[in-house]
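Single-structure report; data block below.
What follows is calculated from the coordinates using simple rules that are stated; it is not laboratory data. Bear in mind that the values here come from a model prediction, so they are computed numbers and not experimental data. Using ideal geometry, Cβ is built from the backbone for each residue, glycine included, and neighbour counts are taken over all protein chains shown.
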Amino acid sequence: MTRYLRLMRLFTGATLSAQLEYRANFLGAILASLGEVGVALLGIGVLFGQPGTETVGGWTFREALLVTGFFMLTEGVISVFIQPNMSKIAEAVRTGSMDFTLLKPLDAQFGVSTRHLNVLRVGDLLIGLGLIAYAASGLTVTGGGLAGAAVLYLSAVVIVYCIWLALSTTAFWFVKTQNASELFNGVFGAARFPVTAFPVPVRALLTFVVPVALITTVPAQALTGTLTPALALASPLVAGAAFVLTRLFWLRAVASYTSASS
Amino acid sequence: MTTPTPDAAVHVRDLRKSYTVHEKEPGFLGSLRSFVRRQSREVEAVRGVSFDLAPGEVVGFLGPNGAGKTTTLKMLSGLLHPSGGELRVAGFEPRRREADFLRRITLVMGQKQQLIWDLPALDSFLVNQAIYEIPDPQYRATMHEFTEVLGLEGILKKQVRKLSLGERMKCELAAALLHRPRVLFLDEPTIGLDVNMQEAVRAFIRDYNERYGATVILTSHYMADVTALARRILVIDQGQLVFDGDLARLVERGGGGKTVRLQLRRPVTAEALAGYGSDVKVDGLSAELTVPRAEVSPRAARLLADLDVADLTVEDPPIEAVMAELFGRKDREVVRG
């Protein structure tokens with residue numbers, strides 16, 4: 001365990017130094033972060049901007065802002081921690097550099113999941129946390145609500161990671177998989193808004209088929225104290241199941257690795 | 001079924017690997033057709049290969065492109081799962097990729113790189129040190145030794161992307177051997193390098209083998225690599241082993257004859273030499289001809305008696321010629337020399 005933590009520190013150091021080699025990239029990344037938050041805020045601005053609109057789907061402006069905060073935070077987690085690693089899986093399979101990962105006496109899934117980090121997008125994390133703090137400051141939040149939100153958000157991150165890993169792992173068979181991550185981004189866009197703002201059939205889809213509700217709405221509900229026990233239990237269970245299933249899928253993929261010829 | 005040699009470093013019996021490949025006709029229409037309906041075909045890359053290597057043995061693994069060399073090495077290092085057969089490397093079953101197995105082996109691929117592109121090679125070494133859990137004193141000792149033998153001084157702190165191909169290959173080798181593996185799979189480690197660099201890489205491999213008693217399997221397109229490092233040669237063709245034995249035996253068996261080189265005092269015509277051997281080449285006062293192995297002594301004696309010869313040498317044909325002959329043959333049975 002300590003070895004794995006040490007390795008993560010080392011990987012982080014290496015990827016940080018590598019990115020510092022290209023300074024001009026920073027500016028672009030900051031603009032991208034601002035663009036993201038602008039679009040997200042514009043969305044709820046349009047919803048609540050109508051005169052006389054107090055709540056949307058039972059959510060006040062502050063509460064909805066909370067969901068936007070979790071959305072931005074998740075965008076940050078994806079662009080800083082998840083996507084930089086997952087996008088390299090397909091490349092590694094195509095070029096055959098996956099060989100080196102599989103040759104190391106280190107869990108290969110850990111290797112491909114922690115090797116890279118995009119520090120340029122740390123801004124997204126800060127913006128997300130800032131939005132959550134701002135939105136929560138106008139609401140009554142209990143200690144229990146905070147702890148619950150933290151646990152549920154952790155489950156949410158595990159779920160997001162598993163979906164990305166499962167989509168990226170298909171590269172072992174299909175080699176090129178950029179469109180799979182586009183698919184995720186398209187569906188995940190719906191997480192900007194509280195799922196209860198959607199019509200019932202869409203809501204069901206976003207909860208049970210693609211667990212978008214579990215990612216942003218459920219942690220926000222935990223903070224505001226409006227979460228049902230069923231959903232509170234569902235999230236960690238789904239996360240656990242997703243982790244086991246993607247693990248098996250990953251192992252299956254590695255076994256059928258064909259390794260690009262040298 | 002043969003029983004495995006108990007102390008073999010590498011034990012291979014009837015190893016097989018088949019792939020499904022997709023075929024596509026050229027051009028856009030061909031691509032479209034293949035997008036709609038994939039034509040696939042089973043290809044047998046390795047078809048029943050068997051051999052054993054003793055600890056510390058260095059073997060050259062030769063064969064034309066696509067013969068199955070790389071596929072075999074990838075199965076030996078656990079990257080590919082065999083379709084059939086038996087495989088033990090350093091006492092482990094490679095396909096299970098156990099950490100203790102991976103710590104004992106390395107695979108160097110001349111055409112792929114593991115070093116972090118934007119950082120100095122030292123950073124990659126530190127990552128490998130942590131991954132392989134190499135204790136600091138051992139790491140320092142190994143680095144010291146590699147720096148000396150490979151001449152890494154001065155290039156370890158440059159970003160990898162700024163290194164020349166040769167410098168990068170030296171660093172790749174160092175990174176791949178940092179954990180002092182017992183079994184080395186080297187797939188074209190000198191490809192694209194100039195003669196001096198090739199020699200440096202060879203010297204390093206020889207030194208490592210002698211120092212640690214490591215077992216080495218080496219593939220190369222440069223016959224000089226193989227002749228300099230390996231006494232034993234495995235030749236694979238179309239997925240099957242066609243020769244396993246001494247380098248000298250391979251030369252003896254493969255070549256239909258020896259090359260006789262003459263330095264003459266008076267010019268002769270090619271026709272005049274035709275009676276002494278085949279493949280006659282004349283260039284001014286030097287001439288070259290091929291003589292059947294068994295006939296070398298009497299023919300040389302006749303040449304010396306009949307012509308005004310200043311110098312006469314008898315050489316084995318270059319290994320390239322031996323290979324060409326071997327692969328041109330029809331019989332495919334394994335020859336053990």
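Please check: in the Gaussian network model of chain A (C-alpha springs, under 10 Å), which one of A:G45, A:G123, A:G143 has the largest mean-square fluctuation. So, out of A:G45, A:G123, A:G143, the one fluctuating most is A:G143.
So what's Rg/Rh here for region A:163-215, counting alpha carbon atoms and using the Kirkwood radius for Rh? Display every interim value, and only then the final one.
Working: Rg = 12.9 Å, Rh = 12.0 Å.
Rounded to two decimals, Rg over Rh is 1.07.
Among B:T219, B:T71, A:T224, a tally of other beta-carbon atoms within 10 Å of each Cβ gives an order, fewest to most, of A:T224, B:T71, B:T219. Taking B:S31, B:S220, B:S164 in turn, the Gaussian network model of chain B (Cα-Cα springs below 10 Å) assigns the largest fluctuation to B:S31. Across region B:51-251, the mean sequence separation of Cα contacts (distance under 8 Å, 6 or more residues apart), normalised by length, yields a relative contact order of 34 percent. Over region A:2-255, the hull volume per residue, using the convex hull of the C-alpha atoms, is 141 Å³. Computed over the Cα atoms of region A:105-202, the ratio of the radius of gyration to the Kirkwood radius (Rg/Rh) comes to 1.03. Karplus-derived 3J(HN,Hα) values for region B:65-76, using 6.51 cos²θ - 1.76 cosθ + 1.60 with θ = phi - 60°, are 4, x, 6, x, 5, 5, 4, 4, 4, 5, 6, 5 Hz; glycine and proline are entered as x.
The phi torsions of region B:161-168, fed into the Karplus equation with coefficients 6.51, -1.76 and 1.60 and a -60° offset, translate into couplings of 5, 9, 7, 6, 4, x, 4, 5 Hz, rounded to whole numbers, with Gly and Pro shown as x. With Cα atoms as the point set, region A:66-119 shows a radius of gyration and Dmax of 13.7, 44 Å. Less than 5 angstrom separates the built amide H of A:W59 from none of the residues sequence-distant by 5 or more or on a different chain. Region A:6-25 and region B:230-285 have Cα centres spaced 56 Å apart.
Taking the longest Cα principal axis of chain B as reference, the axis of helix B:27-36 is set at about 50 degrees. Taking every C-alpha pair closer than 8 Å and separated by at least 6 residues, the mean separation divided by the residue count of chain B gives a relative contact order of 18 percent. Summing charges over neighbours of B:L76, with a neighbour being any other residue whose Cβ is under 15 Å away from its Cβ, gives +3 when K and R count +1 and D and E count -1.
For B:K258, the lysines whose Cα falls under 20 Å of its own Cα, not counting residues fewer than eight places away in the same chain, are B:K281.
Taking Lys and Arg as +1 and Asp and Glu as -1, the other residues whose beta-carbon sits under 14 Å from that of B:T215 total +4. Working value for the protein assembly as shown: equivalent-ellipsoid semi-axes of 63, 25, 22 Å, each the square root of 5 times a Cα gyration tensor eigenvalue, largest first.
Against the main long axis of the alpha-carbon atoms of chain A, helix A:229-255 sits at an angle near 20°. Residues whose amide H falls under 5 Å from that of B:L80, counting only those 5 or more places apart or on a different chain, are B:M75, with hydrogens built in the peptide plane.
Taking a ≥ b ≥ c as the square roots of the Cα gyration tensor eigenvalues, with a/c under 1.5 meaning rounded and otherwise prolate when a/b beats b/c, else oblate, which class fits region B:45-145? Don't skip to the answer; put the middle values down first.
Numbers: a/c = 2.10, a/b = 1.69, b/c = 1.24.
Prolate shape, in that a/c is at least 1.5 and a/b is the bigger ratio.
Counting Cα-Cα pairs of region B:149-244 in 5 Å increments starting at 0 gives whole-percent bin shares of 2, 12, 23, 24, 18, 12, 6, 2, 1, 0.
Tally Lys and Arg at +1 and Asp and Glu at -1 over the other residues with C-beta under 11 Å from the C-beta of A:T169: what net charge comes out? All intermediate terms of the calculation are to be shown ahead of the outcome.
Values: positive: A:R247, A:R252; negative: none.
Summing Lys/Arg as +1 and Asp/Glu as -1 gives +2.
Highest GNM mean-square fluctuation among A:Q83, A:Q109, A:Q221, for chain A modelled with Cα contacts below 10 Å: A:Q109. Note on A:F81, A:F71: ascending count of other Cβ atoms within 10 Å places them as A:F81, A:F71, the fewest first. Roughly how many whole Å is it from the C-alpha centroid of region B:145-163 to that of region A:83-157? Cα centres, region B:145-163 to region A:83-157: 35 Å. The equivalent ellipsoid that matches the C-alpha gyration tensor of chain B spans semi-axes of 41, 28, 22 angstrom, in descending order. Rg/Rh for region B:256-315 (Cα atoms only, Rh after Kirkwood) is 0.91.
Cross-link pairs exceeding 24 Å between alpha carbons, from the set A:K104/B:K74; A:K104/B:K162; A:K104/B:K69; B:K74/B:K170; B:K74/B:K157; B:K17/B:K170: A:K104/B:K162; B:K74/B:K157; B:K17/B:K170.
Would you work out the relative contact order for chain A, in percent, from Cα pairs under 8 angstrom that are 6 or more residues apart? Don't skip to the answer; put the middle values down first.
On the way: 309 pairs, mean separation 70.7, N = 262.
Rounded, it is 27 percent for chain A.
Rounded to the nearest Hz, the phi-derived 3J(HN,Hα) couplings of region A:105-117 under the Karplus curve 6.51 cos²θ - 1.76 cosθ + 1.60 (θ = phi - 60°) are x, 8, 4, 5, 5, 4, x, 6, 8, 10, 5, 10, 7, where x marks glycine and proline.
Given chain B, what percent of its DSSP beta bridges are antiparallel, to the nearest 5?
Details: 42 of 62 bridges.
Antiparallel: roughly 70 percent of the beta bridges in chain B.
The separation of region A:158-216 from region B:178-200, counted between C-alpha centres, amounts to 46 Å.
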